[in-house]
Structure formats: structure tokens, C-alpha cells
1. Could you please give the count of residues in the stretch 104-144 that are open to solvent by less than 80 Å² (accessible area, probe 1.4 Å), in contact (Cβ under 8 Å) with a residue 24 or more places away in the chain and either of a type in the set (D, E, K, R) or part of a loop (DSSP other than H, G, I, E, B) (or both)?
2. In the stretch 79-103, which residue that is within 21 Å of the chain's Cα centre (by Cα) and farther than 20 Å from Pro178 by Cβ is surrounded by the most Cβ atoms within 10 Å (Cβ to Cβ)?
3. As an exercise: evaluate Gln97 against (1) under 18 Å from Val158 (Cα atoms); (2) at pLDDT below 90 and give the number of the one condition it does not meet.
Amino acid sequence: MKYTLLIIVSLLGLSAKAQLPGGNSMHCGYDFTSYIVLDVHESGKKENIKNLRITVVDSLGKDLINISNLYSFKNANQPLVFTSNYLIGDDNKRLEQGAVAKKERYFFPFAKDNYLLSVANTFKADSFAVKIQDTDGEENGGKFKTVTIPLHSYNMYVLCSNESQQAAIKFGVKMNKPIDIVLEQE
């Protein structure tokens, strides 16, 4: 009986410790997700080129299809396509083009005025590349060359990390910074 009581008290103690801050039970809003962020611009310019079609491609250069949400928790069975970050206003809603607000900021503050894509933490970035195409839209008129850039695991923004993970990346390639892509005109 003593041993049974001792085991029950020990298990309750472990359960309580696991739920304290600093335990493994703490979660953040970006658990299980990472982001790939791209800063796409012309040489000598800082502003991003708008209205580009940017996709993740496989080793054959074909768009990667998110079969049953294998690569991302969004847009199942569709190609992995990057979107532009956007401004939100005082009411936390998307600002229309040209609209101004007192407290405007980017929806994803870590990405600023860049392209981004949400992927699962299990995404094997080293197996894929990013293809940037200038479509024949009005904004750019198809004047930029198509570019394919290989991805690497360090290109992913891991937004939920602990202090030991952050200490480990103080040396070597820095994570959580946009991939700098410079496009050339045709």
C-alpha cells in the first residue's frame, strides 16, 4: 500500500511539474509551423518587386503540390505559392491599397514587406527550390528573368524556439532572416 501511494504521489508531482512555465507544455501560436520569407528586389533597390508568381518546385522544376497538407497546413492539394505580406490597420483588418491608418503594421511583423509561405516544421527544405516568375501582368509586364533558387533548412523561420535552440544558432548560418533574391531584367 505504501508503495502504491508513493507511486501515485510521484506521478502527480511529475504531472504538476510538466504544466509549470518552462516545462515542455508551453505552446505558441506558431507551433508545428515555420515560414519561408523572401526579399525579392532589383540590384541597387530596396523595395520588393510586386505581383510575382513564386512557387516551391521539386527537382524537376515542377510546382510542388501540397498533397493532403503534407508540406503546409494551408491550401491542401494545391501548389505551394508564396503570398505578399500586407498591412493591417487600427482594427486589425487588412488595409485596402492606398488606405492609411494611425496604427498600421504588417500582419506578419517578422516578414515586413516580403513574400512568405507557411510550411510544416517537417518540411524538408533541402529537397526543394523556389521558382520566381514575372507574369505578364500590368505591374511588371514580364520584364524580369525567371530564377530558381535552392532552399536550405536554415532558410525556414522557426518562430517557436527555446533559449537553448537560440544559443545553438549563435554560431554558423543565421536563421530567421529573409532569403535575399536579386532579379535581373530580360
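The values are calculated or read from the model by the stated rules, or taken from the named source; none is laboratory data. Not measured: the values here are computed from a predicted model. All Cβ positions, even for glycine, are placed from backbone atoms using ideal geometry, and neighbour counts span all protein chains on display. What goes into the accessible areas is simple: the full protein's heavy atoms, side chains included, and nothing from ligands, DNA or RNA. Shrake-Rupley method; radii C 1.70, N 1.55, O 1.52, S 1.80 Å.
1. 14
2. So, considering only residues that are within 21 Å of the chain's Cα centre (by Cα) and farther than 20 Å from Pro178 by Cβ, the one surrounded by the most Cβ atoms within 10 Å (Cβ to Cβ) is Pro79.
3. Just one mismatch for Gln97, condition (1).
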